[in-house]
Amino acid sequence: MSKFYLTTPIYYVNDIPHIGHAYTTVMADVISRYKKLCGYQVLFLTGTDEHGQKIERSAAKQGLTPKGLADAMVEQFKQLWSTLNIEYDSFIRTTDEVHVKGVQKIFSRVMEKGDIYLGEYAGHYCISCENFISDSVEETAGGMRTCPDCGRPTDNRVKEKCYFFRLSAYGDRLLKFYAENPEFVTPQTRMNEVVSFVKMGLRDLSVTRSTVKWGIPVPGDPQQTIYVWFDALSNYITAIDYLEESERFGTYWPADLHVMAKDILKYHAVYWPAFLMAAGLPLPKKELIHGWWLKDEKKMSKSSGNVLDPHILLKYFSADAIRYFLMREASIGADGNFSHEGFINRINTDLTNDWANLVSRTTGMIEKYFNNAFSLKAQYSEKEETIRQQYLELEPRVLEYFDQYQFNRGLEDIFAYINQLNRYIVDAQPWNLAKTQESLPRLEGVLKTLARAIISINTLLAPVLPETAAKVHRIFNHASFELGWKNLPEKFTITQGEQLFPRVESKVFFAETEIVPPTPQGESASVAEGVIEIEDFKKVKMVVARVLEAEKVEKADKLLKLTIDTGDGTRTLVAGIALFYKPEDLVGRKIIIVKNLKPAKLRGILSQGMILAASDAGNRPYIPILPEDTPVGAILK
Ligand code: ME8
């Protein structure tokens, strides 16, 4: 049996998990279940990253010890993973002894090789990303630097004795590795980013801190603690017993897949392979980099305060519904904007209306017409063969998408097939077939075909919807989760089950949770940068006016004073167009003005509004020409 070792990032324990963490972990769980379905011996690792300044600070703020905070948070992560039916095989904590000793072992190994040396670091540090910021990075006001990863100003400059990793020596070897393994990072755009980053040149990296106490002591120099990223990345090997280099390590390393979001790409695709090369260990086979879940167009993150707690959704929806939404809605590589409205619509449409309804209609008819047990010999037509053929074509397509981790596309195809099955029911009209004794074998052929299609599809859906898949299999008294068209025997019985995805009305959800629903135009339209609502536009009152009089303003070369008729009266405007328009050119002409602009005095003249003109790069105005019959006072809208 081939092995498949996959990992999630180990999450910081400074706060409780949110939808972003759930996304990565659900995706890894779906991959793990899918690989098991395909016959792999899978090891799925997740865990928590507990050392470093960020955790130290968080704990201090809450009046806890770092370990006390970590212990509490680990429970929160484990509880959420259990609720979401995440079946990890191993959970590593960076405070576990096997990890601490394993990190010291890899550190010593690299040091013995001469790739870790003593030096001094002087520069900025971003505690949020636990990232060293070089002085070449742009300065913000006050002499601080901006973290290139998260965009926050760094809050401290550090100068300390520390150990460096000779990263600069690995640039060429890394580039050679990327060239030989062009799919090491997927999607391709992320691979390109990594290559460009390395091509820009690598500097040696500080891998210890003397001012941070909450960390793993450097072997032989306990005043220093190991840099949190060196510590954290090593979890992927310490969790499988790098310390003893036992059979487990031999079986599972190198990892087949590291899954993460783009924020930590550099650490995984540049630093981690370099550390491994230095330690003489094989490199992971693939890194899958997904996009971010955004809320209000900003990355959902603890520090931005825009995180979504999955527990709110879990009060109304099953774990499977959340898993489905996350896998169906976001495509690998792209960011996804989370909207509750979108969530509810997706679940109600796909899972309640299409999938649950297909199962309940089919089982309802098997109960009604056959009392839950088939006994007659069924009669089949070409239509049933088409349903089987369509499934046989669908399955390899879906598997290919799943193999490429394009779950959204695989699910899209599965649900297109589910819709075909719903249409097939309408076409076959089982309720009419039930009317006469002669058509009962046909009716049985239709319902058995539906049952077989449902059980087949259910196996494909099982990695994403494990709980529902188990329920559906139970309804059809079917035990095996094997791929392929399920040729249920001619004689079989079913057991009625509960409703799979009860509908949640969005009105009820929004009223009870007090979450503010999106505006009717749709959330995203209102939040995109620079986009305004129609209501914003309507605030500007623009009308057509006629110029009655025009004259130059004394001692002001650029200004003209205009007296205009706005259809409901006359008023005065001062316009900066005198260099380009003569007064006589304007008298009698129709112009567009902003009527409700706050009046302002220019050269002692009260200007009541503003003339509209296009202007070029040199600020030359071009007054639009309106059709001759445009009425004075007409509103622009
Ligand atoms: O970076 N959208 O931990 P972390 C999508 N400890 N995914 C998101 C997300 C969002 N808005 N927010 C978080 C760390 N994630 C380090 C990792 S690994 C050796 C050390 C997910 O708690 C995503 O997988 O900040 C991201 O890469 C990870 O959580 C960061 O988790």
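The values are calculated or read from the model by the stated rules, or taken from the named source; none is laboratory data. None of the values given here were measured: they were computed from a predicted structure. Virtual Cβ from ideal backbone geometry, glycine too; neighbours counted across all protein chains shown. Heavy atoms of the whole protein, side chains included, go into the accessibility calculation; ligands, DNA and RNA do not. Shrake-Rupley method; radii C 1.70, N 1.55, O 1.52, S 1.80 Å.
Computed values, structure above
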{"item": "Matching option when the condition is over 22 Å from Ile322 (Cα atoms), open to solvent by less than 10 Å² (accessible area, probe 1.4 Å) and within 35 Å of the chain's Cα centre (by Cα), among Ala479, Ala453", "result": "Ala453"}
{"item": "Lone unmet requirement of (1) out of contact with any His (no Cβ under 9 Å at 6 or more places or on another chain); (2) open to solvent by 10 Å² or more (accessible area, probe 1.4 Å); (3) touching a residue at least 60 places away in the same chain (Cβ under 8 Å) for Tyr405", "result": "(1)"}
{"item": "Matching entry among Ala60, Ala22, Ala70 (being in contact (Cβ under 8 Å) with a residue 60 or more places away in the chain and either more than 15 Å from the ligand (Cβ to nearest atom) or assigned by TED's automatic domain parsing to the domain that holds Leu294 (or both))", "result": "Ala22"}
{"item": "Residue count, the range 280-302 (criterion: assigned to a loop (DSSP other than H, G, I, E, B), more than 9 Å from the ligand (Cβ to nearest atom) and touching a residue at least 40 places away in the same chain (Cβ under 8 Å))", "result": "8"}
{"item": "Counted residues, the range 223-256 - those being assigned to a helix (DSSP H, G or I) and either of a type outside the set (Asp, Glu) or within 15 Å of the ligand (Cβ to nearest atom) (or both)", "result": "15"}
{"item": "Test: Met260 is within 14 Å of the ligand (Cβ to nearest atom), at pLDDT 95 or above and not acidic (Asp, Glu)", "result": "yes"}
{"item": "Test: residue in the range 191-204 that is closer than 25 Å to Thr25 by Cα, in contact with a strand residue (DSSP E or B) (Cβ under 8 Å, 6 or more places away or on another chain) and within 16 Å of the ligand (Cβ to nearest atom)", "result": "yes"}
{"item": "Criterion: on the phi > 0 side of the Ramachandran plot and open to solvent by less than 50 Å² (accessible area, probe 1.4 Å) - qualifying residue of Gly201, Gly220, Gly291", "result": "Gly201"}
{"item": "Residues located in the range 423-433, provided they are in contact (Cβ under 8 Å) with a residue 24 or more places away in the chain and crowded, with 17+ Cβ neighbours inside 10 Å", "result": "Tyr424, Ile425, Ala428, Pro430"}
{"item": "Residue in the range 309-325 that is surrounded by fewer than 20 Cβ atoms within 10 Å (Cβ to Cβ), in contact with a strand residue (DSSP E or B) (Cβ under 6 Å, 6 or more places away or on another chain), in contact (Cβ under 8 Å) with a residue 40 or more places away in the chain and not assigned by TED's automatic domain parsing to the domain that holds Gln499 present", "result": "no"}
{"item": "Among the candidates Glu395, Glu382, Glu341, residue that is among the charged types (D, E, K, R), farther than 20 Å from Thr459 by Cα and in contact (Cβ under 8 Å) with a residue 60 or more places away in the chain", "result": "Glu341"}
{"item": "Residue check, Ala28 within 16 Å of the ligand (Cβ to nearest atom), out of contact with any strand residue (DSSP E or B) (no Cβ under 7 Å at 6 or more places or on another chain) and either over 30 Å from Leu461 (Cβ atoms) or open to solvent by less than 30 Å² (accessible area, probe 1.4 Å) (or both)", "result": "no"}
{"item": "Residues being within 10 Å of the ligand (Cβ to nearest atom) and touching a Ser or Thr at 6+ places or on another chain (Cβ under 9 Å) - total across the range 303-322", "result": "2"}
{"item": "Pairs where the first residue, in the range 264-279, is not assigned by TED's automatic domain parsing to the domain that holds Tyr12 and away from the ligand (no atom under 13 Å from the Cβ) and the second is assigned to a helix (DSSP H, G or I) and among the β-branched types (Val, Ile, Thr), C-beta under 7 Å, 6+ apart", "result": "none"}
{"item": "Test result for Val13, out of contact with any Asp or Glu (no Cβ under 6 Å at 6 or more places or on another chain), of a type in the set (A, V, I, L, M), buried (at least 22 other Cβ atoms within 10 Å of the Cβ) and under 27 Å from Lys298 (Cβ atoms)", "result": "no"}
{"item": "Residue identified as closer than 23 Å to Thr436 by Cβ, open to solvent by 50 Å² or more (accessible area, probe 1.4 Å) and of a type outside the set (Val, Ile, Thr) among Glu367, Glu329, Glu393, Glu384", "result": "Glu367"}
{"item": "Qualifying residue in the range 82-102 (condition: open to solvent by 60 Å² or more (accessible area, probe 1.4 Å), within 14 Å of the ligand (Cβ to nearest atom) and out of contact with any strand residue (DSSP E or B) (no Cβ under 9 Å at 6 or more places or on another chain))", "result": "no"}
{"item": "Hits in the range 148-177 (condition: among the hydroxyl-bearing types (Ser, Thr, Tyr) and touching a Pro at 6+ places or on another chain (Cβ under 9 Å))", "result": "Tyr170"}
{"item": "Complete set of residues in the range 531-582 that are within 17 Å of Gly633 (Cα to Cα), among the acidic types (Asp, Glu) and exposed (fewer than 13 other Cβ atoms within 10 Å of the Cβ)", "result": "Asp568"}
{"item": "Residues located in the range 407-428, provided they are in contact with a helix residue (DSSP H, G or I) (Cβ under 9 Å, 6 or more places away or on another chain), farther than 20 Å from Gly484 by Cα and of a type outside the set (Phe, Trp, Tyr)", "result": "Asn408, Asn422, Ile425, Asp427, Ala428"}
{"item": "The range 208-222: number of residues that are part of a loop (DSSP other than H, G, I, E, B) and under 14 Å from His99 (Cβ atoms)", "result": "2"}
{"item": "Residue count, the range 435-491 (criterion: touching a Gly at 6+ places or on another chain (Cβ under 6 Å) and of a type in the set (Gly, Ala, Ser))", "result": "0"}
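The rows are residues; the columns are (1) touching a residue at least 40 places away in the same chain (Cβ under 8 Å); (2) open to solvent by 50 Å² or more (accessible area, probe 1.4 Å).
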position: Pro148; (1), (2): no, yes
position: Cys162; (1), (2): yes, no
position: Ala169; (1), (2): yes, yes
position: Phe197; (1), (2): yes, yes
position: Ser206; (1), (2): yes, no
position: Lys213; (1), (2): yes, yes
position: Ala232; (1), (2): yes, no
position: Asn235; (1), (2): yes, no
